[in-house]
1. Out of every Cα pair in the range A:103-187, what percent are spaced more than 21 Å from each other?
2. What order, most packed first, do the peptides A:377-383, A:85-91 have when packing is the mean number of other Cβ atoms within 10 Å of each residue?
3. With the alpha-carbon atoms as the only input, what is the per residue convex hull volume for chain A in Å³?
4. Are there GluC sites (Glu not before Pro) in the range A:1-76 that DSSP marks as loop and that have at most 16 other Cβ atoms within 10 Å, and which are they?
5. Using 7 Å Cα-to-Cβ label points, what is the A:Asp229/A:Glu371 separation (nm, one decimal)?
6. Find the centroid of the Cα atoms in the range B:13-78 and in the range A:153-229, then give the distance between the two in whole Å.
7. Suppose every K and R has +1 on its Cβ and every D and E has -1 on its Cβ; what is the size of the dipole of the range A:39-95 about the Cα centre, in Debye to the nearest 20?
8. Using Stokes-Einstein with the Kirkwood hydrodynamic radius over Cα pairs, what translational diffusion coefficient do you get for the range A:6-250 at 20 °C and a viscosity of 1.002 mPa s, in µm²/s rounded to a whole number?
Amino acid sequence: MQLKRVVVTGLGALTPIGNSIEAYWEGLVNGKSGAAPITYYDTEKHKTKFACEVKNFDIEQFMDRKESRRLDKFSQYAIAASDEAIKDAGITDTNVNKARVGVIWGAGIGGLETFQEEVLNYAKGDGTPKFNPFFIPKMIADIAPAHISMRNGFMGPNYTTVSACASSANALIDAFNYIRLGMCDVIISGGSEAAVTIAGMGGFNSMHALSTRNDSPETASRPFDATRDGFVLGEGAGALVLEEYEHAKARGAKIYCEIGGGGLSSDAYHLTAPHPEGVGVIAVMQNTLRDAGMQPTDVDHINTHGTSTPLGDVAELKAISAVFGDHAKTLNINSTKSMTGHLLGAAGAIEAIAVILAMQHGIVPPTINHEVVDENIDPSLNLTLNKAQKREIKVAMSNTFGFGGHNACVLFKKIDA
Amino acid sequence: MSDIASRVKAIIVDKLGVDENEVVSEASFTNDLGADSLDTVELIMEFEKEFDIQIPDDQAENISTVGQAISYIEEAKK
């Protein structure tokens, strides 16, 4: 069976550094930080008092107040990003067969705030279980793609992938597979997360996963810097319209790039710590190159998982050196999490978008906040530190790794590459 | 309008996002005010909270209009 080609025809983003694709790209190339003191709740007793929140988001620009109350923020963000992507792709009621349009979404957690509020509310009572009837259908992680399908009438495959911080890369790979197998014409993919809550911050804080640089939030996410002290939690959504190539051509769609391949692997090692030899991370990049039928020397750019944690950043760069050998020195490597923070289940989506926009503009966004050289990092690697760099990109990869040892990597290539 | 009636109507306006003028005594939550099965359960819970009463499920099933809700609560608060 001849596999079909899969291209990206639409993008949408709601991020801590910009609420549209245009604003997101502006933020990325200019090295803008999305981190600031948390505004959602009183942080006085919290170890980490800042995060990368989405700013100035008004769900009532998308739906009325009554409907919006049925959606946790992670679903509201999904609606905003998918609306933009679907419009960008030029999909209408008449130019697709909606029975062959799916929605495959990523979310690491789902409606954490809804869960937190409902349980707190229960705890205030006398033990009688009184839960809002919208509690479950707001909280469950699969509900974001359900809302996207109900809003647009898309009746193809519809579900959420859950693999922590790799979730939306898993979603992209599943979407890629369904289309290349000929089972769908179009799939709205991506992911969303809204975990900047008391429980989310408290939980990650107790794992010692978060930066506690409270005196300087905007410089706290500093991947590859020797003084990095943990990730900065972010929130938001990214949406990508994946489409079968001939279908896209036939309707005259704008094509951003082609999806060249996807790879998956598992560390089979520890709940949260990266494998010391990076075997799973090496495997996921090799699997991706094999799937794409490419050599390491074909790749120009890697957007790393690079969360700004002491162990993870070094392990990933060592794995890149192991896979790419001498060619690693010619790659443009970056971590856009230095600007957006870590969007957990939405990270794979917004970073895939960062890669695609970098390819489109011929500019690699920077890894900001780098001040102190880490002696454990090979100095010959180009980590695109502090300033964007011009670079023609024909092939690029986006890495994501989730707690639990889930690794996923997606390779994008110029349509003529 | 009684105090109970005005509080009931305020809850309905808030939860169902409808105009106050639509919330008349004979209006049905599902047929006239756009509520679905989940909205109806939520309304009953809000009435319980607002008026500090318990509405058992078998009786909640008989409350489908604005007027029925007001009558039930007025009776319960006597």
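1. Details: 1494 of 3570 pairs.
Beyond 21 Å sits 42 percent of the P(r) for the range A:103-187.
2. Numbers: A:377-383: 15.3, A:85-91: 21.3.
Top to bottom by mean Cβ count within 10 Å: A:85-91, A:377-383.
3. 135 Å³
4. On the way: sites: A:Glu22, A:Glu26, A:Glu44, A:Glu53, A:Glu60, A:Glu67; in loops: A:Glu44, A:Glu53.
Taking the range A:1-76 and a limit of 16 other Cβ atoms within 10 Å, the loop GluC sites (Glu not before Pro) found are A:Glu44.
5. According to this spin-label approximation, the distance is 1.1 nm.
6. 40 Å
7. Numbers: 10 positive and 12 negative charges, 77 e Å.
The calculation lands at about 380 debye.
8. Details: Rh = 18.9 Å.
It comes out at roughly 113 µm²/s.
The values are calculated or read from the model by the stated rules, or taken from the named source; none is laboratory data. What you see is a predicted model; the values in this text were computed from it and never measured. Don't worry about glycine lacking a Cβ; one is built from the backbone with ideal geometry, like all the others, and counts go over all protein chains shown. These accessible areas exclude ligands, DNA and RNA; they are computed on the full protein's heavy atoms, side chains included. Shrake-Rupley method; radii C 1.70, N 1.55, O 1.52, S 1.80 Å.
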